[in-house]
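Have a look at the structure below before the remarks.
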Amino acid sequence: MAQHLEGDWLELSTAGGRLIRVLKTAHPRARRLRLTVTPKGARVTYPHGTHPAQVSAFLRSHAEWLELKLDELNLMVKPLPPLRLGYPCTFPLRGELVELDWAEGSYPKIESHAEGLTLVIPRPHTRALPIARGLLASYLEAQIRRDVSRWMAGYVPQLGLAPTSLRIRPMKSLWGSLDTRDRINLDLALALAPPAALRYVLAHELCHLKVRNHSPRFWAQVENLFPDWREQRAWLRQQGAVLKAELDRLVGDVAD
């Protein structure tokens, strides 16, 4: 399994003959070597002063895991064209491909219609793109909150438990999480997915209110709440990178 340095990147040749490029970054607060995989690629972070041979050995020891994660996220996707003022494009919304176009108006807003969405932006266009991204983020969040509020009305009585709050934001690698204060986080990219995929992630995080791990007991709870979870989990694994890349194009850089 050969490996060599190239600028700020490492190239890892796997046993199967695949070449994986990994961005390497020294971090002043890093205490250990850390490998992460996001829709933008793989990154290894390490403390200042770490010997290059140690970084290489760390990557070699995680080559199989890295290859699996890249396959799960389907990261071999073509770069998407950037969002450009005045240029129509298409994007997925609730699992359907819709059109996004532009218009001028007295104040910024989003208009929803049968074909998709229209971004209405007033002149002058000095901050048009940030305004458009903010409008899109708010619109997508509203779609998720509308669905979640409807499903929670059925799920909470079944579980006998409820989250303390719901936060919706772009997330690099996760689809959702439940923190120690019982607050649920959901990825904004789920607004682009079919509603069933969003519903699976919500059910998954709600079940963590009862079981904080991924034991058989946890999955039995998910099965009881949302029997189609396997199909939706598989769909997210196959299409996840595309969704997250689409969201990044629409609303900008994201962070977990």
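The values are calculated or read from the model by the stated rules, or taken from the named source; none is laboratory data. Note that the structure is a prediction, hence the values are computed from the model and not measured. Reconstructed Cβ throughout: ideal geometry from the backbone, glycine too, with neighbour counts over all protein chains shown. Heads up: the accessible areas ignore ligands, DNA and RNA and are worked out on the full protein's heavy atoms, side chains in. Shrake-Rupley method; radii C 1.70, N 1.55, O 1.52, S 1.80 Å.
A few notes on this one:
- Protein heavy-atom surface of the chain, 1.4 angstrom probe: 52% of the accessible area is carbon and sulfur, with nucleic acids and ligands not counted.
- Rounded to 5, percent antiparallel among DSSP beta bridges of the chain: 65 percent
- Sparsely packed trypsin sites (Lys or Arg not before Pro) within region 206-255, loop by DSSP, other Cβ within 10 Å at most 11: ARG212
- Under the convention that each Lys and Arg Cβ holds +1 and each Asp and Glu Cβ holds -1, the size of the dipole of region 155-256 around its Cα centre is about 200 debye.
- Global geometry of region 57-164, whether rounded, prolate or oblate, following the gyration tensor of its Cα atoms and the 1.5 cut on a/c: oblate
- Cα-based shape type of region 135-219, given that a ≥ b ≥ c are square roots of the gyration tensor eigenvalues and the cut on a/c is 1.5: prolate
- Rolling a 1.4 Å probe over the heavy atoms of the protein chains gives region 136-256 an accessible area of 45 Å² per residue.
- Taking SER56, SER165, SER112 and ordering them by how much accessible surface each has at a 1.4 Å probe, largest first, produces SER112, SER165, SER56.
- When the pairs LYS69/LYS109; LYS24/LYS109; LYS69/LYS210; LYS24/LYS210 are compared against a 30 Å limit on Cα-Cα distance, LYS69/LYS109; LYS24/LYS109; LYS24/LYS210 fall above it.
- Shown are ARG150, ARG123, whose ranking by accessible area with a 1.4 Å probe and every protein chain present, most to least, is ARG123, ARG150.
- Taking the DSSP bridge list for region 90-133 and keeping only pairs wholly inside it, about 65 percent are antiparallel.
- For the chain, a crude dipole built from +1 on the beta carbon of Lys and Arg and -1 on the beta carbon of Asp and Glu, taken about the Cα centre, is about 840 debye to the nearest 20.
- Option label - semi-axes √(5λ) of the Cα gyration tensor in Å computed here, alternatives (1) 34, 18, 16; (2) 37, 20, 14; (3) 33, 28, 17: (3)
- Note on region 65-215: dipole from Cβ charges, positive end direction compared against PRO92, VAL148, SER112; the farthest Cα belongs to VAL148.
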